[in-house]
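Here the structure is laid out as structure tokens; the discussion comes afterwards.
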Amino acid sequence: MISSRFLRIALVLGLLSAIGPFAIDMYLPALPEIGSSLGAGIGPVQMSLTAFFISLGVGQLLYGPVSDMVGRKPPLYFGLGLFALASIGCALATDIQTLIALRFVQGLGAAAGMAIPRAVVRDLHTGNDAARLMSLLMLVFSVSPILAPLAGSAVIALAGWRGVFWAVTLAAAAGLALMAATLRETRPAEERVESSLGSALAAYWLLLRDGHFLGLVFIGAFAMAGFFTYLANSSFVMIDHYGLSPTLYSLAFGINAAAFFGAAQLNGVLCERFGIVRVVKASVSACGVVMLAMFLYYLAGGDRLAVLIALYFIASAFMGFVIPTTAVLALEEHGAIAGTASALMGTLQMLTGAVAMSVVGLFTDGRPLPMVSGMAAGALIALVLCWFTLGGRRPQAYAAR
């Protein structure tokens, strides 16, 4: 039975984590209108999105060590405050150059909500309880790709593209109030004594030499890379190639997201019964098999939309087992530097996803095969990394968890 306190923590951490993705997903429907309003071409308008992605990834490297040094809440306050101020600036921007610069600053603020909540989970729990809390956090977080584009479209219809930035400003203010009222500090002062800039650099060096940690991070990264590839290409494939309306496409996208976070809620039960490592290995293997089947189907000339939706629904469910649990295992042995470890994890996973999108983009032609090839490649690389990382003796340390 999950306690009300457990649910409350998951809700707060999930909402804090979702502010950054909301600022991405709500923003997407506004891109054409921004170009018209500011007299900018497609390239500069897209650069405002790229700038946010870059700072969202790199910013996590800063917040993680700082949260180990001063506690979790102060950098969260700073990050959300910076995000809110930059959002106001974006709403008032009169040229594309100013918007790009402020989007970069906005991403730096949002990075706090990406890196620190995972560290809070590690502060509070390990093992199966951590897997359960991480899965609940992912449940809240995963609502973003379903609701944010629809919410963004509604806001734009009522208040124009600038209304999107006023909306995310209000979301940041709500996050600040919610955090102040309900989230206690989880990094006590006595645990911060030995944290400093030098220790942060030493921690990053330690993590970069830890093959087990990196293996777990990249299992999750390549599983997510398949989703990033789908995110970047599915609208062209489903709307232009298969002829779906934007509404039907949104429903198809939402079905896959629901499979992901719905399956994730079973992690606690499955990990208690079978162990975290077994759940990860079985889920990565199953996801790889499903994605390989999808790739072979399209390679052989198949072209039915129902096959794409059905197989990716299954693969998304297995990813719901993989991503929260690999994060728990990666942080398991690094509790003393959980903020730094969480930050490095987030940065590496976002950069991996961005590279995957860029590579697949070189071959994109609007048909399903290039997209499916990238999705399958991510799943199969994750499978190889899984068996190298979790196939040895070290995972026995988790056997009882």
Do you know which residues across region 346-368 are surrounded by 18 or more Cβ atoms within 10 Å (Cβ to Cβ), under 20 Å from Leu311 (Cβ atoms) and at pLDDT 85 or above? Pro368
May I ask you to say which residue of Leu348, Leu308 is farther than 27 Å from Ile54 by Cα and in the same structural domain as Asn256 (by TED's automatic domain parsing)? Leu308
Looking only at region 290-316, filter to residues that are among the hydroxyl-bearing types (Ser, Thr, Tyr) and under 17 Å from Leu251 (Cβ atoms); which one of those is modelled with the lowest pLDDT? Ser316
Given the condition farther than 19 Å from Ala382 by Cα and at pLDDT 90 or above, answer yes or no: does some residue in region 261-276 qualify? no
In the list Thr364, Thr352, which residue meets the criterion of being within 29 Å of Gly64 (Cβ to Cβ) and touching a residue at least 12 places away in the same chain (Cβ under 8 Å)? Thr352
For the subset of region 2-13 comprising residues that are surrounded by fewer than 23 Cβ atoms within 10 Å (Cβ to Cβ) and at pLDDT below 75, which member is nearest to Leu76 (Cα to Cα)? Leu11
Would you point out which residue out of Ala91, Ala110 is part of a helix (DSSP H, G or I), in contact (Cβ under 8 Å) with a residue 60 or more places away in the chain, over 24 Å from Gln349 (Cα atoms) and in the same structural domain as Ala30 (by TED's automatic domain parsing)? Ala91
Being at pLDDT 85 or above and basic (Lys, Arg) narrows Arg192, Arg184, Arg209 down to just Arg209
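The values are calculated or read from the model by the stated rules, or taken from the named source; none is laboratory data. Values in this document were obtained by computation on a predicted structure and should not be read as measured data. Methodologically, a virtual Cβ is constructed for each residue, glycine included, from the backbone with ideal geometry; neighbour enumeration extends over all protein chains shown.
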